[in-house]
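The values are calculated or read from the model by the stated rules, or taken from the named source; none is laboratory data. Since we're looking at a predicted model, the values are computed, not measured. A quick note on method: Cβ atoms are made from the backbone with ideal geometry, for glycine too, and the neighbour counts reach across all protein chains shown. Remember, those area values only see protein heavy atoms, side chains included, never the ligands or the DNA or RNA. Shrake-Rupley method; radii C 1.70, N 1.55, O 1.52, S 1.80 Å.
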Amino acid sequence: MTVSITARDSDTGLTVSDLVERRQYVLDTSTPTTPTTVDCDRFWFPVDEAVSIETTSLTLPSVVATYVRTAGGEMLAEVDHFDSYDFPDGEYSVELCAPVKLYVYTDGQLSVETKADCMELRFDDEAEVLVGARSHHKRPEATITTTGDPRDLMAAISSLSSALKTTTCERSYPTLRGHPPTIELGDELDIPEGLSAPDTGVRIELPPERRYLYPIAPLAYYLGATIEPGVVPRIVTDSGFEYELDSPLGYENEVERVLKQTFFFDCLTRTEGYYKVNLHERAAVEHLVDLDFAALYDCTLAEQLEAYLAVPYAVIEDHLPEWKLTTHVASTPENAELLPFLVNDLAVVKLPQGQSVSPSEAQMTAIGDFTRDDFTRSATDGGTTVPSLVQPEQADSLEQSWAGDDAPVGASKASVQAFRNRLERTASDGDIDITVVCNDDAMGEEGDIAEQVYGSRSDLPFDVTIYQNLSTAALRAVLETEMDFLHYIGHIDDEGFNCPDGKLDANELDTVGVDAFLLNACRSYDQGMALIERGAIGGVVTLTDVINSGAVRVGKTMVRLLNQGFPLRAALDIAKDQSIVGGQYTVVGDGNMDVVQSESRTPALFEIQQLDDHFEVGVTLYPTGSHGMGTMATIPISNCDKQHLAIGNVGRFAATRLEVQNLLNMEELPVTIDGDLQWSTDVELS
C-alpha cells in the first residue's frame with residue numbers, strides 16, 4: 001500500500017503518509033477520533049486510500065491551495081491566505097493540495113478559514129467526514145524494448161504518450177501526465193500491447209535520424225503524436241494543418257518554442273475547466289492574443305494546437321514562465337533509455353554543445369581571498385585526479401543537466417541508473433533516516449551545524465545519526481544500510497573515502513542503501529558516481545579541490561535548504577552562490593531527489609528589499625519531482641490576488657511591513673536581503 005491514513009498517537013487527528021515518496025501530513029481534529037476505512041469510489045476525484053471519522057473540525061498545520069466543490073465537482077471557491085468562507089447545508093468536496101494530495105467530503109454545513117500559518121475546516125457537530133488521499137508517486141506501467149535503429153526508435157518514442165491520463169489541456173497539470181513506459185535497448189523492437197499513442201489527430205514527420213528524434217521526444221509525448229518518417233521535420237494534423245520545424249532558428253530551437261508555447265496556452269485554456277482560477281499569466285497575455293479560451297477549451301487537441309501556433313512566439317515570449325530543465329543528450333543508442341525520464345520531467349532536450357575546460361579554469365580565481373592556512377578537503381597523503389570537465393552551452397531554463405561522457409560544470413550529470421534506482425525505491429516505515437559522517441575532527445563545525453538542523457522539523461518524523469571518524473568497515477556498513485540521506489564530511493582521493501585505518505573505495509561495494517547524499521570533500525565526483533551505479537538516486541559532489549572554509553559555507557547552506565524540502569538541484573543552485581567555491585559542486589543522478597518534503601508544495605526563495613514607504617518582495621519558486629511543470633502557487637501578499645505558474649522568478653510585489661512579517665512567520669524560509677542569504681526565523685525588520 002502506497003498511502004496510509006492512521007490515527008495520531010494522541011488520537012486527536014490523522015497522520016497521512018505516502019510511504020514510497022516519504023511524504024507525511026497531519027490533520028488535527030477537535031476531539032479524539034478513530035478512522036474507519038471506506039470505499040475510495042465515494043470521492044469524485046480518484047484517491048488511493050479513504051477513511052471516515054466523526055469530528056467538528058480539521059486543522060491543517062500550514063496554508064495549502066484549497067478548492068471547494070459540490071459533490072459533483074462544480075467549483076464553488078478557491079481559498080487563499082487569510083480567506084474565510086461559510087457554506088450552507090449541502091454536499092461538499094474540499095481538495096487540499098498538501099504534500100500528500102487530500103480530499104475531504106462532508107454532507108452538511110462547512111466553514112473554511114485560513115490564517116498566516118494554518119487553516120481550519122469546520123463542520124456540523126460530530127459530522128461524518130470522509131478523508132481521502134492520493135499519492136503523487138508515478139511509475140511506468142511497462143517497458144519498451146527497441147534497437148538503436150531510428151525507425152524502431154520512432155515507434156518506441158511514439159508510444160511514450162500512452163501514459164497521458166488525458167488529451168485535454170488539463171494534461172498541463174503534472175498529475176495528469178503519467179510516467180512514460182521505460183525504454184531498454186535490445187535485439188528487436190517490442191512494444192507491449194496497449195502502449196500506443198492516443199488518437200489526437202497529430203503526427204510529426206522527421207528524417208529517420210537520432211539527432212532529430214531525441215529533441216522531439218518531450219513534444220511528441222505532450223502532443224500525443226505519432227512520429228513517422230518524412231523528408232523535412234514538420235507537424236501535421238488530420239485536418240491538413242502543417243507546421244515546419246526546421247526554421248531559420250534551427251530545428252532544436254523551433255521544437256523548444258513549440259513545446260513551450262503549446263504548454264503555456266494549455267495552462268491558460270485549462271482555467272475554463274476543473275480549476276477556474278484567476279491566473280496571472282492569462283491576465284497578462286489575454287489582451288495580446290486573439291484567442292477565445294472558453295471556446296478553445298472544448299476544441300480537440302489538434303484544433304487547439306493550430307490556434308496556439310497561429311500566435312507569433314514574440315507576442316508571448318516575455319510572459320512565458322521559466323522552463324524547469326534543459327538536458328543536453330548525446331544521440332547515442334544507449335541514451336534512448338534516458339528519454340522516458342526526461343519526458344516525465346517535460347525537459348527540453350538538446351544535443352550536447354559545450355566546451356572542454358581545465359580544472360584550473362573551472363576553479364574560481366578568488367580563492368586567494370581565503371587565508372593561507374585554510375586547507376582543502378583532499379586527503380593530505382594522497383592525490384586525486386580530476387574527471388574530464390565540460391561547460392555546457394547556456395540554456396534558457398532554471399536548471400540544466402548533461403548526458404554525455406564528461407563531468408559537467410554548472411549542470412547536473414544525468415544517469416539512467418539513478419532514475420531506475422528511484423523506480424525501485426520501496427515503502428519505508430515513515431521515518432526519515434539521515435546519517436552524518438564527519439571523518440576529520442578539524443571539520444567539526446559543519447558536523448555541528450548538521451546535527452542541529454537535520455531533524456529540526458517538528459512536523460516530520462526523523463531518525464538522525466551522527467558518526468565521527470568511522471573505520472573503513474564501519475563506513476562500508478553505513479553505505480550499505482538503507483537510509484534516506486548521507487552527509488559526508490571529510491577527505492576523498494583516488495583511492496576512496498579517507499578513514500582512520502585506510503581508504504574505502506565505493507567501487508568495491510556490491511550495493512548501496514543510501515538514497516541521496518552530499519559528499520563534501522575534494523574531487524568526490526567519481527565516488528559519487530560509484531554510489532549512483534550501486535543503488536543511490538542522487539547526490540551532490542565536487543569536481544575539483546575545495547577550500548575548507550568555502551566548503552563549510554556550502555555545506556551549512558545545503559543542510560538548511562535540504563531540511564526545508566528543496567530538491568538537490570535547486571538547493572545547490574542557491575547554496576553555490578554563498579561561497580567562492582560553489583561552482584565546483586555539481587549534482588549527479590536525479591536532481592529532483594529531495595530529502596524531506598517542503599511545508600508548502602513548492603519551495604520558494606524570497607528576496608526582500610526595504611524602500612522608503614513599503615517593502616518589495618521578489619519570489620522565485622523551485623518545482624519538485626512531484627510538483628513539476630504546470631503546478632500553480634499563490635503568493636501570500638494582498639496585492640497579489642492571482643495564482644502563478646509555480647516556476648522560476650514569478651515577479652516582484654509591493655508589500656506592507658505586516659505582510660512581510662506574516663511571510664517571515666509562516667515557516668523557516670530562505671530569504672535574501674541585499675544579496676545576503678538569511679533565514680526568515682533570523683530576520684528582524686528594521
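Details
- Residue within the stretch 417-432 that is under 14 Å from residue 485 (Cβ atoms) and open to solvent by less than 10 Å² (accessible area, probe 1.4 Å) present: yes
- When we screen 437, 478 for residues that are β-branched (Val, Ile, Thr), buried (at least 21 other Cβ atoms within 10 Å of the Cβ) and at pLDDT 90 or above, the only hit is 437.
- Number of positions in the stretch 563-583 that are in a helix (DSSP H, G or I) and either within 15 Å of residue 678 (Cα to Cα) or polar (S, T, N, Q) (or both): 7
- Set 660, 671: member being open to solvent by less than 50 Å² (accessible area, probe 1.4 Å), part of a helix (DSSP H, G or I) and either at pLDDT 90 or above or not assigned by the TED database to the domain that holds residue 284 (or both): 660
- Evaluation of residue 541 against (1) among the β-branched types (Val, Ile, Thr); (2) open to solvent by less than 10 Å² (accessible area, probe 1.4 Å); (3) farther than 27 Å from residue 460 by Cβ (one fails), failing number: (3)
Listed here are the residues, each with its yes/no results for (1) in contact with an Asp or Glu (Cβ under 7 Å, 6 or more places away or on another chain); (2) not in a helix (DSSP H, G or I).
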site	(1), (2)
452	no, no
455	no, yes
465	no, yes
473	no, no
476	no, no
487	no, yes
503	yes, yes
512	yes, yes
518	no, yes
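- Test: residue 250 is farther than 26 Å from residue 134 by Cα and either acidic (Asp, Glu) or surrounded by fewer than 16 Cβ atoms within 10 Å (Cβ to Cβ) (or both): yes
- For residue 449: the one exception among (1) open to solvent by 20 Å² or more (accessible area, probe 1.4 Å); (2) modelled with pLDDT of 95 or more; (3) in contact with a Lys or Arg (Cβ under 6 Å, 6 or more places away or on another chain): (2)
- The number of residues in the stretch 637-657 being more than 23 Å from residue 97 (Cα to Cα) and open to solvent by less than 10 Å² (accessible area, probe 1.4 Å) comes to 1.
- Scope the stretch 166-208; condition small (Gly, Ala, Ser) and either part of a loop (DSSP other than H, G, I, E, B) or surrounded by fewer than 16 Cβ atoms within 10 Å (Cβ to Cβ) (or both); matching residues: 178, 186, 194, 196, 197, 201
- Just one of (1) assigned to a loop (DSSP other than H, G, I, E, B); (2) closer than 18 Å to residue 438 by Cβ; (3) open to solvent by less than 10 Å² (accessible area, probe 1.4 Å); (4) not hydroxyl-bearing (Ser, Thr, Tyr) fails for residue 497. It is (1).
- So residue 90, is it open to solvent by 10 Å² or more (accessible area, probe 1.4 Å) and not in a strand (DSSP E or B): no
- Summed over the stretch 104-149, the residues that are farther than 16 Å from residue 340 by Cα, not in a loop (DSSP other than H, G, I, E, B) and not acidic (Asp, Glu) give a count of 20.
- Qualifying residue in the stretch 69-80 (condition: in contact (Cβ under 8 Å) with a residue 60 or more places away in the chain, assigned by the TED database to the domain that holds residue 98 and among the hydroxyl-bearing types (Ser, Thr, Tyr)): no
- Within the stretch 142-165, the set of residues being open to solvent by 30 Å² or more (accessible area, probe 1.4 Å) and touching a helix residue (DSSP H, G or I) at 6+ places or on another chain (Cβ under 7 Å) comprises 165 only.
- Applying a threshold of 8 Å to beta carbon distances and a minimum spacing of six or more residues, or different chains, the list of pairs starting in the stretch 32-49 at a residue that is assigned by the TED database to the domain that holds residue 13 and ending at one that is modelled with pLDDT of 90 or more and assigned to a helix (DSSP H, G or I) reads 46/40; 47/40; 48/40; 49/40.
- Between 480, 446, 451, 495, the distinction of being on the phi < 0 side of the Ramachandran plot and without any contact (Cβ under 8 Å) to a residue 24 or more places away in the chain belongs to 451 only.
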